[in-house]
Amino acid sequence: MIARHLISKNIIPLKTSDTGNIALKWMDENKVSHLPIVNNDNYVGLISEKDILDLNNYDEAIGNHNLSIDKVHVTESQHIYEIIEILEKLSLSLIPVVDNHEKYLGVITSQSILSYFSSSFSVKNPGGVIVLEMSENDYSLTEIANIVESNGAKILSCFLGSHTDSTLIEVIIKINKTEMDSILQTFARYNYVVMATFGEDKDIEDMKERYDSLMNYLNI
């Protein structure tokens, strides 16, 4: 997945002649803390809520002030992993997308990233989640898949996470079954360490709580 496929059409960029009050109003309406500034179709920069709050006069044009953030952006062909890295590193609520001539194309929001992962990696599909911990040297997706499939299930998606200053990794797999006892027993026989499991439930509120717990666990 690349940037051009993740662009949100709902957020209107600011013009240099727009005031701080207008910027704050649009940020509140879109539930973001940053907005792009354009001059005609050319990308000028990214203004933050803090930049505006630091202004002495909210009625003054934002183009009259310096921005605290560099002219950060991604190009339309950059991969989603690069985009996530920039969003996380700079603590951005969105990031502008430009073409090769720095013509403004739109923005990618944190919410659009979450929606992509939710739809593309089977997060909302019925099934269960198993979190395994192991050494990097012991990781074998083939063996993990064989264990799951030997119990009549399929892996829908798989994520890897690393520990700081450690050779241990976490393998998070989403499977297409909610009954996981036999799978967990097989993992135990193969000496896998199961850190956590998340299952589905018919109760709507309980299912939502489990989904939210998983999102927090993945730190998305």
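The values are calculated or read from the model by the stated rules, or taken from the named source; none is laboratory data. Bear in mind that the values here come from a model prediction, so they are computed numbers and not experimental data. Reconstructed Cβ throughout: ideal geometry from the backbone, glycine too, with neighbour counts over all protein chains shown.
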- Query: From the list Ser33, Ser17, Ser48, which one is of a type in the set (S, T, N, Q) and either in contact (Cβ under 8 Å) with a residue 60 or more places away in the chain or more than 20 Å from Tyr104 (Cα to Cα) (or both)?
  - Reply: Ser33
- Query: Across the range 61-78, which residue is farthest from Phe117 (Cα to Cα) among those that are in contact with a helix residue (DSSP H, G or I) (Cβ under 8 Å, 6 or more places away or on another chain) and either crowded, with 18+ Cβ neighbours inside 10 Å or modelled with pLDDT of 90 or more (or both)?
  - Reply: Ile62
- Query: Given the conditions (1) within 28 Å of Tyr81 (Cα to Cα); (2) modelled with pLDDT under 90; (3) of a type in the set (Val, Ile, Thr), which single one is not true for Ile169?
  - Reply: (2)
